[in-house]
């Protein structure tokens, strides 16, 4: 858990140019009232090409908002999350220091 309402998977240590450091999940979600917030930590804009195939959604700077899972294509969503996790691990030079698996489907995403 990352705070009272965010469920995160994996761990990535980040350091900003300012010198500020923090730990963040590789990927996370929060079941909010009226929508599910998916946190795409490396930024949703990187996945513009994949988004049209996803289904019904809205976006924020680093979030993907869906009303219910049946509104989106599960395979496309899984592919997007896997790409984001891979980007966090490799593309930005971050490595997972600790893996937290919450069942087989989540651990598959983190592999």
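Values in this text are rule-based calculations from the coordinates and carry no lab data. All values reported here derive from a predicted model rather than from experimental measurement. Counting neighbours? That spans all protein chains shown, and the Cβs are built from the backbone with ideal geometry, glycine included.
Computed over the alpha carbons of region 7-93, Rg followed by Dmax gives 13.2, 42 Å.
Per-residue Cβ neighbour counts within 10 Å put 1, 14 in the sequence 1, 14, beginning with the fewest. In this label model, residue 69 and residue 48 are separated by 3.1 nm, measuring between points 7 Å along each Cα→Cβ vector.
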